[in-house]
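The values are calculated or read from the model by the stated rules, or taken from the named source; none is laboratory data. Only a predicted model underlies this, so the values are computations on that prediction, with no experimental measurement involved. Cβ placement follows ideal geometry from the backbone for every residue including glycine, while neighbour counts extend to all protein chains displayed.
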Amino acid sequence: GLGTQLDTIRFRSLLAQRLSVPPTQVSALILGEHGDSMVPIWSGATVAGLPLEKWPGFTPAIAQEVFKRTQGSGAEVIKLKGGAGFAVGLAIREVVHAIALDQRLVLPVSTLQTGTYGLRHVCLSVPTIVGRPGVLGHVEIDLWPKERLGLEQSARALQETIAKVQGVGASRQRLSESRA
């Protein structure tokens with residue numbers, strides 16, 4: 001799935017805007033769930049190749065502000081425009097180009113985890129190599145302990161949601177069987 005690709009694009013754009021640099025100079029990722037438990041990967045964030053924490057004027061307060069805006073930007077766009085249309089199209093285009101042109105890009109798309117960062121049996125976004133066949137593999141970039149914990153919490157949140165949905169489905173199944 002598209003995963004946190006759109007969140008990552010928004011995150012980079014907001015960082016660029018806040019730091020007054022072109023978005024092409026910002027490299028940063030959002031991993032985990034496309035939702036409340038998304039995880040900003042500050043440890044790997046750079047501006048023009050310089051680690052973000054060394055960028056002149058960057059502060060923890062800016063980090064908090066940018067991430068909060070990233071979390072709320074989808075709802076804000078929908079409220080103002082009635083939909084996320086154009087931004088979603090850009091995110092999809094990047095994934096489609098990676099596949100069609102066999103670009104082998106590393107993108108934060110959602111895939112079934114089979115051991116990346118120790119995660120299994122859940123679909124969420126991790127750095128994923130995308131090319132002509134689709135998913136070619138995953139890349140485990142070094143994460144700060146806090147980021148790794150956030151990714152694990154995101155996986156748990158998704159697994160809890162899946163369990164609830166399966167429970168509702170099982171309840172409905174039993175109800176329809178009892179009526180038959």
Given the condition within 20 Å of S27 (Cα to Cα), buried (at least 20 other Cβ atoms within 10 Å of the Cβ) and under 14 Å from the mean Cα position of the chain (by Cα), answer yes or no: does some residue in segment 128-138 qualify?
yes
Restricting segment 107-127 to residues that are free of Cβ contacts under 8 Å to residues at least 24 places away in the same chain and either part of a strand (DSSP E or B) or of a type in the set (F, W, Y) (or both), the one surrounded by the fewest Cβ atoms within 10 Å (Cβ to Cβ) turns out to be T114
Among the residues of segment 146-169, how many are loosely packed, with under 12 Cβ neighbours inside 10 Å and either within 12 Å of V39 (Cα to Cα) or charged (D, E, K, R) (or both)?
3
By residue number, the members of segment 132-160 that are closer than 19 Å to F67 by Cβ and not small (G, A, S) are I141, L143, W144, P145, K146, E147, R148, L149, L151, E152, Q153
Looking at segment 24-36, which of the residues that are surrounded by fewer than 20 Cβ atoms within 10 Å (Cβ to Cβ) and modelled with pLDDT of 95 or more is nearest to V139 (Cα to Cα)?
S27
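Residues are listed down the side, and each one gets a yes or a no for (1) at pLDDT 95 or above; (2) of a type outside the set (V, I, T):
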position: S20; (1), (2): yes, yes
position: M38; (1), (2): yes, yes
position: G44; (1), (2): yes, yes
position: G49; (1), (2): yes, yes
position: K54; (1), (2): yes, yes
position: A63; (1), (2): yes, yes
position: G83; (1), (2): no, yes
position: V88; (1), (2): no, no
position: E94; (1), (2): yes, yes
